[in-house]
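Chemist: What follows is a structure written as structure tokens; I'll ask about it next.
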Amino acid sequence: MAGRGMAGRRVLGHALPGMLLLLLVVGTALPLAALLGRAFVDRGGGFAGFDNFVRYATEPGLAVAAWNSFSLSALASGITILLAYPYAYALTRSAMPGRFAFRLVAMLPLLAPSLLPAFGMIYLFGNQGALRSWLLGAELYGEVGIVLASVFYALPHAVLLLSAGLAAGDGRLYEAAQALRAGPWRRFATVTLPSSRYAVVSATSVVFVLVFTDFGIPTVVGGSVNVLATDIYKLVIGRFDFEMGAVVGVLLLVPAVVAYGIDALARRTQRASLSGRSVPVAAGRMKVRDAALFVFCAAVAVAILGVIGMAVWGSLVRFWPYNLTLGLHNYSRLMADADEFRAVANSLWLAAGTAAAGTAMAALTGWLVARKVGAGWARGAVQALAMLPVAVPGLVLGLGYVFFFNNPANPLHGLQGTMALLVVCSVAHFYTVPHLMAVSALLRLDREIDLAAQSLRAGPVSAGRRIYLPYLAPVLVEMFGYFFVNAMTTVSALIFLFNAQTRTASIAVVNLAEGSRFGQAAAFAVVLMALSLVATCGQLLVRAAILRRQRWRVR
Amino acid sequence: MPHGQGDQGGAAHAPPYLSVTGLTKRYGTAQVVREVGFEVAGGEFVCILGPSGCGKTTLLRLIAGFERADAGAIRQAGADVTALPPEARDFGIVFQSYALFPNRDVAGNVAFGLESVGATRAERQARVAGLLAMVGLAEHVRKYPSQLSGGQQQRVALARALALQPGLLLLDEPLSALDANVRAHLRDELRALQRRLGVTTLMVTHDQSEALSVADRIIVMNGGRIEQIGTPAALYTRPASLFVGRFLGELNAFPLQALEGSTARIAGTRLVLADAPAAVSAGAWLCIRPAAVVVGEEAAGQENRLAMRVAAALFMGDSVRLTLEGEGPAVMADVAFARLGRIPSVGEAMAVALPASQLMVLPGDG
């Protein structure tokens, strides 16, 4: 027994960290390095310094995209936070009725590709839109459309982050303020706002990056307004100007890295400000406030359901806006067309493959980091590389993959154009969150658990099977669901990598939208949303079943 | 090792079950364990006692194999185990946090080690039932750790550690997470159980009363080194240093100004000693336990008599702690309440005697 444990430990202590590190380096670091390198070489491959950046800044029409990206993302982030803060406040701090339902509605957009809100916008506010007059004569295609659809797309992320921040408040501060005769407004201004400011910073930076790097929305409703995310696509796919593409990649990457740095800093500061003795804030009942919040939340929820509803309606209409007879026409065309049908199958394969491979790997890296397996430097490197993808926009990662795997000198060149490479890219793209889920779950287990297992003659593999796997099971299901839904709806990471055989449904949505076949595009987006919904419900059911079986979790 | 090497009690006669020599552990430049050496006889209950950060837990982890020593050797049952990983050594361990497996019920926790070594189902069931009966948890077999009280969790951890019938039982502050009442009760049970099983036991603790009450011998550590090894009574009455003296209990300590034969001079007074101590280093202390100080009528006729006044009287239940002031340094005295019959009032005059046989000359810490 002891012999097997020792052999297991040697494998785990040296081979496993090395192997995981290698996978992470190939999946994230090397493609990024390839992209960064490309931005600083000329067409012939010689070192060009900042020449490419100078060319970008001086060539007419290019640099304006950078300004558009910045200003529109800032505007959309501001509006999103203004809407999300009261919404999250109502969910966490009020006694407003229907809080659970409002929470569910706010999460709905997470299940759809970012294009879905864009379609909803077109049906509502486009040139033939039902509520065209609401824009007061402004044109949807362009700034207005980008901002509106982005707000809708980013809202659930902001609500999630802000409600987590607001839920973590300290009830004792409110009691102290009340004892000092502070009225409700004063309590809000002196306790609630300051204690949630880090959550606001965090949510703002996350939303900014989401909007800044999103590809789907500006493609569909951007009109003639160029942003970095669409420019990078046009430069690489349309002009084969890889150097300019790499420059735009760097321009997308740097603000994203900075924003995530700010986010990480804000989170750390907020954690430090909460002591272990904090008392949860009890949601108080205040009739007027709760009524006002209810009206506000209802308005936001109606808008969300309206936009999604319009997209669903659009997918059911025969030929908008000329023939509004309802039917499954668009859906049956999807099923009839072999190419489109394959795209749905590809999406399922991609999602399942990404979820299976990603969950297994993230569980291992999470275990390595949380339980301190292997050499310290290897663990540190694994943690750093696992944290990297969250700051890397999908477009940048995807372009890095092109540069890295298309290189004939690369021994992994053969992966190019395969479904396997799409899976690898999706795993890398969405790696950080599931990795952190595994880390934080495993950190909650007492450090001495490992030692206890060792003293009872169980090697790492045996302890993993008998303790960590059962302990982690519900988290594994969550990680699987996260990878699955994200791989199902992602566009940006794959837009440079797919070919006719590996095209996924989310990319097909973009292609159809580019061809102005909005009905079919909307149908595709609805199918994707339905699949994501099924996957999410399945995840919740499996998780609940596991938790019910694991009686040891209940006190 | 400065002190206490000769005082190894009974361990010198039988071949030691566990012997540690020159054990050293560094973290970076910090030496956490410095050239530690001691022996433990089979069946002995030895406590490693010291303040937090003294290296006692690291020493236990080295003996368990959770840490690798930078120098030195550990021999257990005649074999060198220094290089062996934990799972190849023969010990059971109870942690301060108990580290029970949350996903396994009481029986599952106790059976864990038996499963590792491939015991049959019947063997496991019999052994688990026996162990749980032994620690008095037979009716809780199917409960999970989260459903148990602290004391019950501690018993499960103990049963789990004993399941493989280890030659050596390691206890890392096993009682410190418990309430005072439960702690005292479990301490006595632990001691009785250890006697009955005869398993060689090494317990780390920072609680001197716990060490004094359960250990056959105590190893006092400070700053990564062993300060002294000995039986509880020997350490209490004949500490080798001011550190050991203070760590094992309250102590009056007066800076020693001069030593002339068997007469010691401290600030303001001279005191007679029972015998002339060997040459003492500079910075030595003259010490006496507060309980050994004699007050009132009983002080009459004794040597080393001082006229003092009560500066403070603290009622502690069984005893009264008096702080007494006179010409020299203040003296602390613990006097049985039954003997005093009342709590002396502040300012009251009181005769005090420091019996020569109870005075100790101890080297300082520097």
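The values are calculated or read from the model by the stated rules, or taken from the named source; none is laboratory data. It should be emphasised that the depicted structure is a prediction, and the values quoted were computed from it without experimental measurement. Quick reminder, even Gly has a Cβ in these numbers, built from the backbone with ideal geometry, and neighbours come from all protein chains shown.
Chemist: Identify all residues within segment A:424-441 that are crowded, with 24+ Cβ neighbours inside 10 Å and more than 23 Å from A:LEU253 (Cβ to Cβ); write none if there are none.
Modeler: A:ALA438
Chemist: Would you be able to tell me the number of residues in segment B:215-241 that are buried (at least 22 other Cβ atoms within 10 Å of the Cβ) and assigned to a helix (DSSP H, G or I)?
Modeler: Here the count works out to 1.
Chemist: So if I check each of A:VAL461, A:VAL390, which one is more than 14 Å from every other protein chain (Cβ to nearest Cβ), β-branched (Val, Ile, Thr) and outside any loop (DSSP other than H, G, I, E, B)?
Modeler: Among A:VAL461, A:VAL390, only A:VAL390 is more than 14 Å from every other protein chain (Cβ to nearest Cβ), β-branched (Val, Ile, Thr) and outside any loop (DSSP other than H, G, I, E, B).
Chemist: Okay, moving on. Restricting segment B:122-161 to residues that are of a type in the set (Lys, Arg) and in a helix (DSSP H, G or I), which is farthest from the other protein chains (Cβ to nearest Cβ)?
Modeler: B:ARG155
Chemist: Need the failing condition index for B:PRO174 against (1) within 11 Å of chain A (Cβ to nearest Cβ); (2) closer than 15 Å to B:GLN194 by Cα; (3) crowded, with 24+ Cβ neighbours inside 10 Å, just the number.
Modeler: Result: B:PRO174 passes all but (1).
Table: residues versus (1) acidic (Asp, Glu); (2) buried (at least 22 other Cβ atoms within 10 Å of the Cβ); (3) within 20 Å of the chain's Cα centre (by Cα).
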{"position": "A:ALA138", "(1), (2), (3)": "no, no, no"}
{"position": "A:ALA149", "(1), (2), (3)": "no, yes, yes"}
{"position": "A:PHE152", "(1), (2), (3)": "no, yes, yes"}
{"position": "A:LEU160", "(1), (2), (3)": "no, no, yes"}
{"position": "A:LEU180", "(1), (2), (3)": "no, no, no"}
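Chemist: In segment B:90-110, what count of residues is obtained for those that are more than 8 Å from chain A (Cβ to nearest Cβ), more than 25 Å from the chain's Cα centre (by Cα) and surrounded by fewer than 24 Cβ atoms within 10 Å (Cβ to Cβ)?
Modeler: Number satisfying all stated conditions: 2.
Chemist: Still on this structure, please answer the following. Working carefully through the options A:ALA112, A:ALA101, find the one that is over 22 Å from A:SER202 (Cα atoms), under 16 Å from the mean Cα position of the chain (by Cα) and of a type outside the set (Ser, Thr, Tyr).
Modeler: A:ALA112
Chemist: Here is a follow-up. Anything in segment B:1-38 that is assigned to a loop (DSSP other than H, G, I, E, B) and either modelled with pLDDT of 95 or more or within 17 Å of B:GLU227 (Cα to Cα) (or both)? List them, or say none.
Modeler: Those that are assigned to a loop (DSSP other than H, G, I, E, B) and either modelled with pLDDT of 95 or more or within 17 Å of B:GLU227 (Cα to Cα) (or both): B:MET1, B:PRO2, B:HIS3, B:GLY4, B:GLN5, B:GLY6, B:ASP7, B:GLN8, B:TYR17.
Chemist: Still on this model: Condition check: free of Cβ contacts under 8 Å to residues at least 40 places away in the same chain and at the interface with chain A (Cβ under 8 Å from one of its Cβ atoms). Does B:GLU115 satisfy that?
Modeler: Yes, satisfied.
Chemist: Check off (1) closer than 23 Å to B:SER176 by Cα; (2) within 14 Å of chain A (Cβ to nearest Cβ); (3) not basic (Lys, Arg) for B:TYR27 and give me the number that stays unchecked.
Modeler: Going through the list (1) closer than 23 Å to B:SER176 by Cα; (2) within 14 Å of chain A (Cβ to nearest Cβ); (3) not basic (Lys, Arg), B:TYR27 breaks only (1).
Chemist: Moving on to the next point. Please work out which residue is surrounded by the fewest Cβ atoms within 10 Å (Cβ to Cβ), limiting yourself to segment A:313-332 and to residues that are touching a helix residue (DSSP H, G or I) at 6+ places or on another chain (Cβ under 6 Å) and part of a helix (DSSP H, G or I).
Modeler: Filtering segment A:313-332 for residues that are touching a helix residue (DSSP H, G or I) at 6+ places or on another chain (Cβ under 6 Å) and part of a helix (DSSP H, G or I), the one surrounded by the fewest Cβ atoms within 10 Å (Cβ to Cβ) comes out as A:TYR331.
Chemist: May I pose another question? Does any residue in segment A:476-490 that is at negative phi and small (Gly, Ala, Ser) come within less than 8 Å, Cβ to Cβ, of a residue that is outside any helix (DSSP H, G or I) and surrounded by 23 or more Cβ atoms within 10 Å (Cβ to Cβ) six or more places away or on a different chain, and which pairs are these?
Modeler: Once the first residue is at negative phi and small (Gly, Ala, Ser) and sits in segment A:476-490, its partners that are outside any helix (DSSP H, G or I) and surrounded by 23 or more Cβ atoms within 10 Å (Cβ to Cβ) give A:ALA487/A:PHE430.
Chemist: Within segment A:464-494, take every residue that is within 14 Å of chain B (Cβ to nearest Cβ) and of a type in the set (Val, Ile, Thr) and give me the one that is farthest from A:HIS14 (Cα to Cα).
Modeler: A:VAL475
Chemist: Please go through segment A:219-265 and give me each residue that is more than 19 Å from the chain's Cα centre (by Cα), over 30 Å from A:GLY126 (Cα atoms) and assigned to a helix (DSSP H, G or I), ordered by number.
Modeler: A:PHE242, A:GLU243, A:MET244, A:GLY245, A:ALA246, A:VAL247, A:VAL250, A:LEU251, A:LEU265
Chemist: How do the pairs read when you match residues in segment B:336-348 that are within 21 Å of B:ALA292 (Cβ to Cβ) with residues anywhere that are in a loop (DSSP other than H, G, I, E, B), using Cβ under 7 Å and keeping only pairs 6 or more apart or on different chains?
Modeler: Partner pairs satisfying both residue conditions: B:ALA336/B:ASP318; B:PHE337/B:ASP318.
Conditions (1) out of contact with any strand residue (DSSP E or B) (no Cβ under 9 Å at 6 or more places or on another chain); (2) touching a residue at least 12 places away in the same chain (Cβ under 8 Å); (3) among the basic types (Lys, Arg), marked per residue:
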| residue | (1), (2), (3) |
| --- | --- |
| B:ALA184 | yes, no, no |
| B:ARG196 | yes, no, yes |
| B:LEU202 | no, yes, no |
| B:ARG217 | no, yes, yes |
| B:ILE229 | no, yes, no |
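Chemist: Do we have any residue at all in segment A:78-89 that's under 21 Å from A:ALA259 (Cβ atoms) and hydroxyl-bearing (Ser, Thr, Tyr)?
Modeler: yes
Chemist: Could you please let me know if A:ALA283 is at pLDDT below 75 and surrounded by 12 or more Cβ atoms within 10 Å (Cβ to Cβ)?
Modeler: It is true that A:ALA283 is at pLDDT below 75 and surrounded by 12 or more Cβ atoms within 10 Å (Cβ to Cβ).
Chemist: A follow-up question, please. Of all residues being within 12 Å of chain A (Cβ to nearest Cβ) and in contact (Cβ under 8 Å) with a residue 24 or more places away in the chain in segment B:62-86, which is surrounded by the fewest Cβ atoms within 10 Å (Cβ to Cβ)? Just the residue, please.
Modeler: Top of the filtered list is B:GLU67.
Chemist: Considering only residues that are assigned to a helix (DSSP H, G or I) and at the interface with chain B (Cβ under 7 Å from one of its Cβ atoms), which ones fall in segment A:438-456?
Modeler: Once the filter is applied, which keeps residues that are assigned to a helix (DSSP H, G or I) and at the interface with chain B (Cβ under 7 Å from one of its Cβ atoms), segment A:438-456 yields A:GLU448, A:ILE449, A:LEU451, A:ALA452, A:GLN454, A:SER455.
Chemist: Moving on. For A:ARG503, indicate whether it is farther than 30 Å from A:ASN406 by Cβ and of a type outside the set (Val, Ile, Thr).
Modeler: no
Chemist: Residues to consider are A:ALA356, A:ALA360; find the one that is without any contact (Cβ under 8 Å) to a residue 24 or more places away in the chain, small (Gly, Ala, Ser), surrounded by fewer than 18 Cβ atoms within 10 Å (Cβ to Cβ) and part of a helix (DSSP H, G or I).
Modeler: Just one listed residue meets the conditions, A:ALA360.
Chemist: Identify all residues within segment A:84-94 that are over 20 Å from the mean Cα position of the chain (by Cα) and not aromatic (Phe, Trp, Tyr); write none if there are none.
Modeler: Within segment A:84-94, A:PRO86, A:ALA90, A:LEU91, A:THR92, A:ARG93, A:SER94 meet the criteria.
Chemist: Right, next: For A:TRP134, work out the one condition from (1) buried (at least 24 other Cβ atoms within 10 Å of the Cβ); (2) among the aromatic types (Phe, Trp, Tyr); (3) without any contact (Cβ under 8 Å) to a residue 12 or more places away in the chain it doesn't fulfil.
Modeler: Answer for A:TRP134: the failing condition is (1).
Chemist: Would you pick out the residues in segment A:464-508 that are part of a loop (DSSP other than H, G, I, E, B), of a type in the set (S, T, N, Q) and more than 13 Å from the chain's Cα centre (by Cα)?
Modeler: Passing the criteria: A:ASN499, A:GLN501, A:THR502, A:THR504.
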